[in-house]
Amino acid sequence: MSNTIKRRSLLKLFPAYIVAPTIIVSQVKVAGCTPVSGSNNGKTIFVSTWNNQSANRIATQSAKNGKNTIDAIVDGISHVESDINDMSVGKGGRPDREGDVTLDSCIMDHEGNAGGVCYMKDIEHPIQVARDVMYHTPHVLLAGDGATNFALQRGYEKINLLSTKAKIAYKEWKVKSEYKPTPNIEQHDTIGMIGIHDRKLGGGCSTSGLAYKMQGRVGDSPIIGAGLYVDGEVGACTATGMGEIMMKNLSSFLVVEFMRSGDSPAEACRKAVKRVADKIKGSKKDQQMGLIAIDKDGNVGAYSVLPGFVYAVTIDGETNVLESDSFFDVIDE
Ligand code: GLY
């Protein structure tokens, strides 16, 4: 069964994660779920990878307070970047093989403006710097020292990103120094958030990248089209998992293009995953890619290569954490 496309007929809810009252299933269109009735048109919606429901809630509150989609998303993602217990994003992220924490992030608005930073050290909020690159430079992507210096010039503080917990984990890893990425590690990886508010789409993502990556490695999260893509007339998509996959396939861009051709967000994600999964030879273990998408009418969908990918959906303040359908049923060798 491991090579068949899995189809769940109902949303798989995770009651332990749900803090708001359960929303009506028909309000959310997710991969493999039918039928869908009702409309999310005109609602304020934030969708994020993994169980980032607190980020969604912060974004929703910011939108309620008058912020636009992009600034609301930045507020939500900044919260995760500051969470020292999240070892995949921002401060507290796991380092590379040399013990350095390096951060990748990008952002895109409904008008097609985009900004990003990659391989950036010493700055807590790459998503905020990415927004500054978008609105205050003629460029899209700043890397390494250039990104850090730009942030310092704009008044960001220099901080030590390596937490005690991450330092201990790194020391333990050094004993064997084996590079073995684990899918769905601790149920989170990159935070990617897409959303719509006042009928304007937007998206952002942020990560410390793969734990114990080679020095200099940059993943999908700062690459427009790979980790994130937004077209204000169509929809938005963001990705999580093994960044090399999304970089080779421009998966987020592909999902938006499928939606442009008429596919629902769920179907668009499924087709982009299939494009990748059909080609996997050998072990699937390090081949996770999770995609979430939203279209301009507020329909939401998701799909992943391997099981275990969860995502948080907040519609007009009501949140659910859902598991996406996946191409493969099991994670095996
Ligand atoms: N998806 C995060 C990374 O591969 O860096």
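Only one residue in Tyr119, Tyr135 is open to solvent by 20 Å² or more (accessible area, probe 1.4 Å), more than 19 Å from Ile73 (Cβ to Cβ) and in contact with a strand residue (DSSP E or B) (Cβ under 9 Å, 6 or more places away or on another chain), so which one is that? It would help to see each step written out before you state the result.
Details: Tyr135 fails: more than 19 Å from Ile73 (Cβ to Cβ).
None of the other options fit; the residue is Tyr119.
On the basis of being over 25 Å from Asp71 (Cα atoms) and open to solvent by 10 Å² or more (accessible area, probe 1.4 Å), does Lys174 make the cut?
Numbers: over 25 Å from Asp71 (Cα atoms): yes; open to solvent by 10 Å² or more (accessible area, probe 1.4 Å): yes.
Judged against the criteria, Lys174 is a match.
For the range 34-49, enumerate the residues that are open to solvent by less than 20 Å² (accessible area, probe 1.4 Å) and either assigned to a loop (DSSP other than H, G, I, E, B) or modelled with pLDDT under 95 (or both).
Asn40
Give the range 237-256 a look and list any residue that's of a type outside the set (Gly, Ala, Ser) and part of a strand (DSSP E or B), or say none.
If the condition is that a residue be of a type outside the set (Gly, Ala, Ser) and part of a strand (DSSP E or B), then Cys237, Thr238, Thr240 are the ones that fit.
State all residues of the range 199-222 that are more than 10 Å from the ligand (Cβ to nearest atom), assigned to a loop (DSSP other than H, G, I, E, B) and in contact with a helix residue (DSSP H, G or I) (Cβ under 7 Å, 6 or more places away or on another chain); if no residue qualifies, say none.
Matches in the range 199-222: Tyr212 only.
Which members of the range 230-253 meet the condition of being open to solvent by 30 Å² or more (accessible area, probe 1.4 Å) and within 16 Å of the ligand (Cβ to nearest atom)?
Selection gives Glu244, Met247, Lys248, Asn249, Leu250, Phe253.
If you go through the range 63-84 one residue at a time, do you hit one that is open to solvent by 50 Å² or more (accessible area, probe 1.4 Å) and of a type in the set (S, T, N, Q)?
Filtering the range 63-84 down to residues open to solvent by 50 Å² or more (accessible area, probe 1.4 Å) leaves 64-68, 79, 83-84.
Adding the requirement that they be of a type in the set (S, T, N, Q) leaves 65, 68.
Looking through the range 63-84, at least one residue is open to solvent by 50 Å² or more (accessible area, probe 1.4 Å) and of a type in the set (S, T, N, Q).
Quick one: how many residues across the range 232-258 are in contact with a Lys or Arg (Cβ under 7 Å, 6 or more places away or on another chain) and of a type in the set (Asp, Glu)?
1
Scan (1) assigned to a strand (DSSP E or B); (2) in contact (Cβ under 8 Å) with a residue 40 or more places away in the chain; (3) away from the ligand (no atom under 16 Å from the Cβ) for the single condition Gly115 breaks and write down its number.
(2)
So which residues in the range 101-116 are open to solvent by 40 Å² or more (accessible area, probe 1.4 Å) and in contact with a Lys or Arg (Cβ under 6 Å, 6 or more places away or on another chain), if there are any at all?
Answer for the range 101-116, where residues must be open to solvent by 40 Å² or more (accessible area, probe 1.4 Å) and in contact with a Lys or Arg (Cβ under 6 Å, 6 or more places away or on another chain): just His110.
Would you point out which residue out of Ala169, Ala147 is touching a residue at least 40 places away in the same chain (Cβ under 8 Å), part of a helix (DSSP H, G or I) and either within 16 Å of the ligand (Cβ to nearest atom) or open to solvent by less than 30 Å² (accessible area, probe 1.4 Å) (or both)?
Result: Ala169 is the single residue among Ala169, Ala147 that is touching a residue at least 40 places away in the same chain (Cβ under 8 Å), part of a helix (DSSP H, G or I) and either within 16 Å of the ligand (Cβ to nearest atom) or open to solvent by less than 30 Å² (accessible area, probe 1.4 Å) (or both).
Go through the residues of the range 314-333 one by one and say whether even a single one is open to solvent by 10 Å² or more (accessible area, probe 1.4 Å) and either closer than 15 Å to Met193 by Cβ or free of Cβ contacts under 8 Å to residues at least 60 places away in the same chain (or both).
yes
Kindly indicate whether Arg260 is touching a residue at least 24 places away in the same chain (Cβ under 8 Å) and either open to solvent by less than 10 Å² (accessible area, probe 1.4 Å) or closer than 23 Å to Asn52 by Cα (or both).
In short, no.
Please specify each residue of the range 265-299 satisfying the condition of being closer than 28 Å to Glu233 by Cα and under 14 Å from the mean Cα position of the chain (by Cα).
Cys269, Met289, Gly290, Leu291, Ile292, Ala293, Ile294
Exactly one condition in (1) in contact with a helix residue (DSSP H, G or I) (Cβ under 8 Å, 6 or more places away or on another chain); (2) surrounded by fewer than 19 Cβ atoms within 10 Å (Cβ to Cβ) is false for Asp278; which is it?
In the conditions (1) in contact with a helix residue (DSSP H, G or I) (Cβ under 8 Å, 6 or more places away or on another chain); (2) surrounded by fewer than 19 Cβ atoms within 10 Å (Cβ to Cβ), Asp278 misses (1) alone.
The values are calculated or read from the model by the stated rules, or taken from the named source; none is laboratory data. Keep in mind that this is a model prediction, so the values were computed, not measured. With ideal geometry, Cβ positions are generated from the backbone for all residues, glycine too; neighbour counts draw on all protein chains shown. What goes into the accessible areas is simple: the full protein's heavy atoms, side chains included, and nothing from ligands, DNA or RNA. Shrake-Rupley method; radii C 1.70, N 1.55, O 1.52, S 1.80 Å.
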